[in-house]
Each structure stands twice: as structure tokens, then as C-alpha cells.
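The values are calculated or read from the model by the stated rules, or taken from the named source; none is laboratory data. Here the structure is a predicted model, which means the values were calculated and not measured. Note that we place each Cβ from the backbone using ideal geometry, even for glycine, and neighbour counts take in every protein chain shown.
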Amino acid sequence: MINNDEVMKLNPMLSRMNMSFIEASANRCVVELPLEGSTNHVGTVYAGALFTLAEFPFGLMFMQRFGMENMYPVVGNMEIRFTAPAMTDTRVTLEISDERWNEIEEQTLSKGKYKIVLPIELKDTNGTVVAKTEATYFSVKR
């Protein structure tokens, strides 16, 4: 499992968000964004912080699974729908099976590039979904 310090070295911007990595493996990533320091002008979590919380876990998981020697991830598109105000700490959980990873690797290495579409939900500490995204990532062969 990757630790917070390793993640922050990969992307120092994330360290300024004070996120906690509850779990970070190739198959499951759980990250929590604190309310404190992440609020907007009305006291809810800033939309850009929610977007970042939803966007980066796939890349982290990808690097846990494959490293960056033979292929790398990039985000191509992400649509976000805010469904409720985030007024507490907010958490994202992303899970990807070994079978899906195998498909990503096989398709990327054989075709040079592979499109991955993932639905992602962000929840507050009460379990309320505060945002839903549909993210399109690409796995690209080096």
C-alpha cells in the first residue's frame, strides 16, 4: 500500500488539500477530504476540491498496479454533478477488479491506447452522495 508521503511526492498539490488516505492499493482506494481548509464562500466544500478528490484516485491505483514504465494513465474527460452540499468531510471509494486491470493492460499493450470510463461517487460522513462523476481515462502505452 502506498502511503501519504509517497502520494504527495507524486503530486505536491494534493498535499495542500490535507487528504487522508484510508486505503490505497491497486484494487481499492479510499480517500477522505477534510471540511476544514476546503470550504468555499458559503461554508460547504469547494467544488474544485470535490472534483480533485474524484479525479486522482484512478491514476494512483493505476501506478500501484502497473508502475509507469510500460504505460501511463491520463484523464480525458470528467463530468461532475453536484447532488447535495458537502458540509462535512467527504470521502471517495474506488474499486477496480483484477479482471478489469487485466483487460486494461491487455488492450493498452496491444492497441497502444485504451479508454476507461468510470462512474465515481463522493459521500459525506453521513453517507449522503454529494457528487457523482463519470470519468474517462486513457491508458497509454509508452
Residue match in segment 99-108 (condition: touching a residue at least 60 places away in the same chain (Cβ under 8 Å) and either farther than 13 Å from ILE120 by Cα or not in a strand (DSSP E or B) (or both)): yes
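Condition check: touching a residue at least 60 places away in the same chain (Cβ under 8 Å), surrounded by fewer than 16 Cβ atoms within 10 Å (Cβ to Cβ), at negative phi and in contact with a strand residue (DSSP E or B) (Cβ under 7 Å, 6 or more places away or on another chain). Does GLY76 satisfy that?
Here the answer is yes, as GLY76 does meet what is asked.
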Residue among GLY127, GLY67, GLY59, GLY76 that is under 19 Å from ASN11 (Cα atoms) and either of a type in the set (Asp, Glu) or at pLDDT 95 or above (or both): GLY76
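Residue by residue, here is whether (1) among the β-branched types (Val, Ile, Thr); (2) surrounded by 14 or more Cβ atoms within 10 Å (Cβ to Cβ) holds:
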site	(1), (2)
ILE22	yes, no
GLU32	no, yes
GLY37	no, no
THR44	yes, yes
GLU55	no, yes
ASN102	no, no
GLN107	no, yes
THR128	yes, yes
Selected residue [under 17 Å from SER25 (Cβ atoms) and outside any strand (DSSP E or B)] from GLY59, GLY48: GLY59
